[in-house]
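Beneath this line is the structure, given in structure tokens, with notes to follow.
The values are calculated or read from the model by the stated rules, or taken from the named source; none is laboratory data. Because the structure is a prediction, the values reported are computed rather than measured. Cβ: placed from backbone, ideal geometry, glycine included. Neighbour counts: every protein chain shown.
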Amino acid sequence: MSCPYSHPNCPQQKLPANAEGCPECQQFLKPCTQCGTRNRAFANFCRSCRAVLPTTRGNWLGYKGSTQRLGLNTASPPAWDPPRWENLEIRETTLKLQLGENCRSLLGYDRHLIAIGQNGVIEIGDPQRPAASYRSRAEGPISCEPCIDRGVLYLGSPWRLSAWSLGGLTLANPQLTSLWTLPLSGTPVQALTVLDNRLYVTVYHQEGRREVQVIDNLDRTPPTAPRVLHAASRLSWVAADPASHQVIFFSQEGNSLQLHTVTPNSRPELTSRPVTLPTFADPVPIAFLGGKAFGVFGDEEKLCRIDVQSAAFEQALDTDTKLFSLNRDGERGWDGDGVRTDTTGVVFMRSGIRDSFTPLERVAKGSPVILQGCAAVLGMMDGRIRLYDILHPPRNEVRRLSDDGEPIAALASFQNYVAAANTKGIVKVFELRGKGAAA
């Protein structure tokens, strides 16, 4: 099968069976699991048999990587044999983006990095083709964590949501195409969540109320107008599980804490159950894995596990938890492992090994990023990123984004890359690979 791109320097030759990128033009190739045809980046349907293309493994689609909010990159780890830290190379790529403003979010899709500035600047680049970077601007400020679903980038700013198609970035004259803009009754906050053709958004109102709203029929242009699912004075982040097709979030009124489960096409659509736990920090990041909800609750900031079906408290995992990310057992539930930060350092949950920070060291923003079976990454206030050997912590290596020590503002991991951005909008990408691997 020939290269799907109309590149003047790319002959229509037969592609190698396992090629991730075209040997000539270096552009990303997306394989069809039905017929084996290679397709362009951001494509949703095979150009040959029209089958739905699977999501590329190792994409970073939103806050903490996915709708489950695990902070986990599930791509196969780079080939480093034997798996010892000294056999892994952490190489700075030549892809460097300059937003010119504080970075709001980093996303990864089909080997492309999407960097989004606080005021709406969008920079998109491919580490294998750094010269082909693309720059655009959306209306800002960006008030919530963006997300990507099926090649569409969703952004939120005060009083509005917008959708942008990424498919045009593979054209001879690349373009980011506006699909629609919908008005909102307030400011979108926290993280946008897409599941099963629906977009969930938490909206903040000036009087202090918050609402979880849902937009149906994302496959239409424009989709259905937003409608309110639940309102409360305090709301957690939203998490969703593609396997069970459920969405969860917590709410609090006074001392009453509830777990809410959204199950589309069921009656009732929203189920609310009381939870016998203390109040949560506002807002509390949560994770949803294997039918269990994970969140931080109470004055002691306990990381807790809760059964979603019954809302029953199951286990307190640790106190003084600021942020956390979780590993998983294949495609099933939690495997007992993860990485969490607290007041004084970082803890690797399965082993209990701690790496304590000095008084001047602090994690800047965002949960730890886990590359499954390989590394864990933290962004620091002094502008460094720490890459830990997750198999043998606390061994780590340090990389710096700039000499001025600007704090890290965003982290992401896609495929075998780690991307980091600071508060001045400097974005760098690091590749993890076995030593001696071809560049």
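Based on this model, can you work out whether Thr170 counts as of a type in the set (Ser, Thr, Tyr), in the same structural domain as Leu218 (by TED's automatic domain parsing), at negative phi and modelled with pLDDT of 95 or more?
So Thr170 does not fit the description; no.
When segment 63-82 is examined, which residues are found to be under 14 Å from Trp334 (Cβ atoms) and of a type in the set (Gly, Ala, Ser)?
Gly71
So, in segment 159-178, of the ones that are assigned to a strand (DSSP E or B) and of a type outside the set (Lys, Arg), which residue ends up nearest to Ala41 (Cα to Cα)?
By that ranking, first place goes to Ser165.
So, in segment 314-350, of the ones that are of a type in the set (Ser, Thr, Tyr) and more than 21 Å from Leu387 (Cβ to Cβ), which residue ends up surrounded by the fewest Cβ atoms within 10 Å (Cβ to Cβ)?
My answer is Thr343.
Show me the strands (runs of 3 or more DSSP E) found entirely inside segment 376-429 where at least 2 residues are under 15 Å from Arg362 (Cβ atoms).
384-389, 408-414
In this structure, is Ser105 closer than 30 Å to His245 by Cβ, out of contact with any Ser or Thr (no Cβ under 8 Å at 6 or more places or on another chain) and in contact (Cβ under 8 Å) with a residue 12 or more places away in the chain?
yes
Results for (1) crowded, with 19+ Cβ neighbours inside 10 Å; (2) free of Cβ contacts under 8 Å to residues at least 60 places away in the same chain; (3) closer than 24 Å to Met349 by Cα; (4) not assigned by TED's automatic domain parsing to the domain that holds Ser76, shown as yes or no for each residue.
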{"position": "Ile385", "(1), (2), (3), (4)": "yes, yes, yes, no"}
{"position": "Asp403", "(1), (2), (3), (4)": "no, yes, no, no"}
{"position": "Ala409", "(1), (2), (3), (4)": "yes, no, no, no"}
{"position": "Phe414", "(1), (2), (3), (4)": "yes, no, yes, no"}
{"position": "Gly425", "(1), (2), (3), (4)": "yes, no, no, no"}
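Under the condition of being at pLDDT 85 or above and hydroxyl-bearing (Ser, Thr, Tyr), which residue from segment 271-298 is surrounded by the fewest Cβ atoms within 10 Å (Cβ to Cβ)?
Taking the candidates together, the pick is Thr276.
Considering each of Leu391, Leu401 in turn, give the residue that is modelled with pLDDT under 95 and either in contact with a Pro (Cβ under 7 Å, 6 or more places away or on another chain) or not aliphatic (A, V, I, L, M) (or both).
Only one candidate passes the filter, namely Leu391.
Within segment 351-380, count every residue that is more than 24 Å from Trp237 (Cα to Cα) and either surrounded by 21 or more Cβ atoms within 10 Å (Cβ to Cβ) or in contact (Cβ under 8 Å) with a residue 12 or more places away in the chain (or both).
Of the residues in that region, 11 qualify.
If I filter segment 166-199 down to residues being in contact (Cβ under 8 Å) with a residue 60 or more places away in the chain and of a type outside the set (A, V, I, L, M), which single residue comes out as surrounded by the most Cβ atoms within 10 Å (Cβ to Cβ)?
Step by step, filter segment 166-199, then rank; the result is Thr193.
Go through segment 183-280 and tell me which strands (runs of 3 or more DSSP E), entirely inside it, have 2 or more residues that are among the hydrophobic types (A, V, I, L, M, F, W, C) and within 19 Å of Cys144 (Cβ to Cβ).
187-195, 198-204, 210-215, 227-232, 239-241, 246-253
Are any residues in segment 346-359 part of a strand (DSSP E or B) and over 24 Å from the mean Cα position of the chain (by Cα), and if so, which ones?
Scanning segment 346-359 gives Ile353, Arg354, Asp355, Ser356.
So in segment 200-223, with the set limited to residues that are hydroxyl-bearing (Ser, Thr, Tyr) and at pLDDT 95 or above, which one is surrounded by the fewest Cβ atoms within 10 Å (Cβ to Cβ)?
Among them, the one singled out is Tyr204.
So Ser244 passes all but one of these: (1) touching a strand residue (DSSP E or B) at 6+ places or on another chain (Cβ under 7 Å); (2) touching a residue at least 40 places away in the same chain (Cβ under 8 Å); (3) not charged (D, E, K, R). Which condition number does it fail?
Among (1) touching a strand residue (DSSP E or B) at 6+ places or on another chain (Cβ under 7 Å); (2) touching a residue at least 40 places away in the same chain (Cβ under 8 Å); (3) not charged (D, E, K, R), the lone unmet condition for Ser244 is (1).
Exactly one condition in (1) under 24 Å from the mean Cα position of the chain (by Cα); (2) of a type outside the set (Phe, Trp, Tyr); (3) surrounded by fewer than 21 Cβ atoms within 10 Å (Cβ to Cβ) is not met by Asn255; state its number.
Going through the list (1) under 24 Å from the mean Cα position of the chain (by Cα); (2) of a type outside the set (Phe, Trp, Tyr); (3) surrounded by fewer than 21 Cβ atoms within 10 Å (Cβ to Cβ), Asn255 breaks only (1).
Run Glu207 past the list (1) touching a Cys at 6+ places or on another chain (Cβ under 8 Å); (2) without any contact (Cβ under 8 Å) to a residue 12 or more places away in the chain and report the number of the one that doesn't hold.
Of the numbered conditions (1) touching a Cys at 6+ places or on another chain (Cβ under 8 Å); (2) without any contact (Cβ under 8 Å) to a residue 12 or more places away in the chain, the odd one out for Glu207 is (1).
Does segment 77-94 include one or more residues that are farther than 16 Å from Leu169 by Cα and under 20 Å from the mean Cα position of the chain (by Cα)?
Checked segment 77-94: at least one residue is farther than 16 Å from Leu169 by Cα and under 20 Å from the mean Cα position of the chain (by Cα).
May I ask you to list the residues in segment 313-333 that are within 16 Å of Ser413 (Cβ to Cβ) and polar (S, T, N, Q)?
Ser325, Asn327
Go through segment 302-345 and report how many residues are touching a residue at least 60 places away in the same chain (Cβ under 8 Å), assigned to a loop (DSSP other than H, G, I, E, B) and closer than 27 Å to Gly379 by Cβ.
Count: 0.
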